[in-house]
Structures are given as C-alpha cells and as structure tokens.
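K.L.:
Questions regarding the structure given below will be posed in turn.
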Amino acid sequence: MKYFIGNWKMFGVPKSVNILNKINLFYSEDKNRNKYRVIITPPFTLIESYSKYFKNKSISIGAQNCYQKDQFSSNTAAISSYMLRSVGAKYTLIGHSDNRSEGDNDTMLKDKVRYALKNNLKVVFCIGENKTEKKNKKTLNVLKRQLMKVLEKKFNKKNIIVAYEPIWSIGTGQIPTANELQKTTIHIKKVLKGIFKKNSPAVLYGGSVDGSNVKMFKEIKEIDGFLIGGASKTSKKFIDIIKNYYR
Ligand code: 13P
C-alpha cells in the first residue's frame, strides 16, 4: 500500500473543500485506487467539517500536530489526540520540522506519539536533517537518533508511518539524488527494523515533491509514498503526482 498525504499547513477555509472534492472524484474513478491511500491534513479549524463530509468517501482526514497530554488539560490553545479523534481525525503528523523548530523536543514527541496511539490515531512521524547536518555528512546519524529517541518497540508499528523530510528540501525545489535517497531510506528501514523487530513501518518521502520529480522517486521501490506540502493545495498538482507515479 502506498500513501499520498497532503499537508496543508496554514492553508484553507471551509470552501477549500472544493479542492478535496476534485481529488476524491479522481480517486473514485482511478483504476489504480486499490494501490494507495489519500490522506489530507488540513488545519485544526477544518478537521471536524471535513471529516464529516468525507466520512464515507475515500479521502481520510488527519491533523498536523497534537498536544503531548491525554484528553483534557489546562494548557491554553492545546489540542489533544483525544479531541482530534472525537471530531473524526484518523491520523496525525508528529514531529514536523516546523514544529520541531518551534520547540517540540524528543520528550514531547514521545508523549505525543504515545497519546496519539492510545487515542486510536495513526501517527505519521516526521524526521529529517538540516542543511548543515547534510553538509557535514551527519544525515544517517541524525535520522537514527531522531527515531531511537522517540519510537519504542511497545508502540504498535501497524499504526505508525515514518516520513523522511530533509529540512533543506521543504519548499525549496531541491531534492536528494535518487542514489542518496535510496541509501537513506534503506538506512531508516534498518533502524526501524531494529526498534520494532522484523518488519519496518512504511517510510514516506517529503520535500518539494511534484508531478515531474515523482517519476524519479517512483524508481526507488523502498519508498512507500509521499508527504506533500505545496502541491497538495491545488487539486491538479496533487492529482498529477498520483497520475505520474502510476504512469
Ligand atoms: P513541500 O512539498 O512544500 O516541500 O512541503 C513538504 C512538507 O513539509 C510536507 O509536510
């Protein structure tokens, strides 16, 4: 099973549902639809209405983050996995570099993962190195550390997806070479097999994915799908990625 996850970040108002309607229509008529899942993570403000709207349709709705406590607490503006699940979210991103750079650390991320799983959300755990780490050839070490600090054997790996998003590639148009990316993905899966024993959860790639470079990514069979930012805000761009992936 492959995954095409669209992360809207700070984008979208109720009428933006039109974008998802087009994606849903494409999916429902696509002969390859049994091979992949489409998940969209709109901002918190749209999760309830979109989850209701797409309840019996093909698109699943997820959140972009969750708070590191269970159920309810006295933290102003915090939103827990329990609250997200109660309005229909099925997934949540955790550890996106945007949130790591705003202060999410490994301890917080571990609690986020724990409570998300406890509240029946599937977790898309994001990891990635920055430009300096890449330049200093620290990528593999950084990724290993990010995984080992947060994921544990006792977590249900069936409900975990890992997204590799090199920070230098997010929104920049720069992407890793096929060779680099294949090596990195194999490394990530090896670390994950070490944590979970036997098989690794799915590993996605994210960072400037679009309708043309997806042809290169599809040659890397270790990649189980994509986390798509910019190109998920336009139905045509998002659909082109799926179309060209299966072409
Ligand atoms: P872009 O596809 O815009 O580079 O964003 C990637 C991303 O951060 C998805 O979470």
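Read-outs: derived from the displayed coordinates by stated rules, not from any lab. What you see is a predicted model; the values in this text were computed from it and never measured. Don't worry about glycine lacking a Cβ; one is built from the backbone with ideal geometry, like all the others, and counts go over all protein chains shown.
K.L.:
Looking only at the stretch 157-179, count every residue that is loosely packed, with under 14 Cβ neighbours inside 10 Å and more than 27 Å from TYR115 (Cα to Cα) and tell me the total.
P.N.:
7
K.L.:
Suppose we keep only residues that are out of contact with any helix residue (DSSP H, G or I) (no Cβ under 6 Å at 6 or more places or on another chain) and assigned to a strand (DSSP E or B) within the stretch 87-96. Which one would you say is nearest to the ligand (Cβ to nearest atom)?
P.N.:
In this case the residue turns out to be LEU93.
K.L.:
Quick check on this structure: which one of LYS189, LYS183, LYS197 is basic (Lys, Arg) and under 18 Å from VAL124 (Cβ atoms)?
P.N.:
LYS189
K.L.:
Considering only residues that are within 14 Å of LYS112 (Cα to Cα) and of a type in the set (A, V, I, L, M, F, W, C), which ones fall in the stretch 69-90?
P.N.:
Selection gives PHE72, ALA78, ILE79, MET83, LEU84.
K.L.:
Could you list all residues from the stretch 153-204 that are among the hydroxyl-bearing types (Ser, Thr, Tyr) and closer than 21 Å to ASN99 by Cα?
P.N.:
Passing the criteria: TYR164, SER169, THR172.
K.L.:
Out of all the residues in the stretch 34-57, which are among the β-branched types (Val, Ile, Thr) and not in a helix (DSSP H, G or I)?
P.N.:
VAL38, ILE39, ILE40, THR41
K.L.:
Just checking, which of LYS154, LYS137, LYS149 is under 22 Å from GLN68 (Cβ atoms), loosely packed, with under 12 Cβ neighbours inside 10 Å and either of a type outside the set (S, T, N, Q) or within 14 Å of the ligand (Cβ to nearest atom) (or both)?
P.N.:
Going through LYS154, LYS137, LYS149 in turn, the sole match is LYS154.
K.L.:
If you check LYS15, LYS22, LYS31, which single one turns out to be free of Cβ contacts under 8 Å to residues at least 12 places away in the same chain, part of a helix (DSSP H, G or I), among the basic types (Lys, Arg) and out of contact with any strand residue (DSSP E or B) (no Cβ under 8 Å at 6 or more places or on another chain)?
P.N.:
Of LYS15, LYS22, LYS31, the one residue that is free of Cβ contacts under 8 Å to residues at least 12 places away in the same chain, part of a helix (DSSP H, G or I), among the basic types (Lys, Arg) and out of contact with any strand residue (DSSP E or B) (no Cβ under 8 Å at 6 or more places or on another chain) is LYS15.
K.L.:
Also: For the structure I just gave you, tell me whether ASP210 is in contact (Cβ under 8 Å) with a residue 24 or more places away in the chain, touching a Gly at 6+ places or on another chain (Cβ under 7 Å) and acidic (Asp, Glu).
P.N.:
Judged against the criteria, ASP210 is not a match.
K.L.:
Moving on to the next point. Please give the number of the condition ILE59 fails out of (1) touching a residue at least 60 places away in the same chain (Cβ under 8 Å); (2) aliphatic (A, V, I, L, M); (3) more than 24 Å from ARG145 (Cβ to Cβ).
P.N.:
(1)
K.L.:
Oh, and also: Within the stretch 63-86, identify whether any single residue is within 16 Å of the ligand (Cβ to nearest atom) and not in a loop (DSSP other than H, G, I, E, B), and answer yes or no.
P.N.:
Within the stretch 63-86, one or more residues are within 16 Å of the ligand (Cβ to nearest atom) and not in a loop (DSSP other than H, G, I, E, B).
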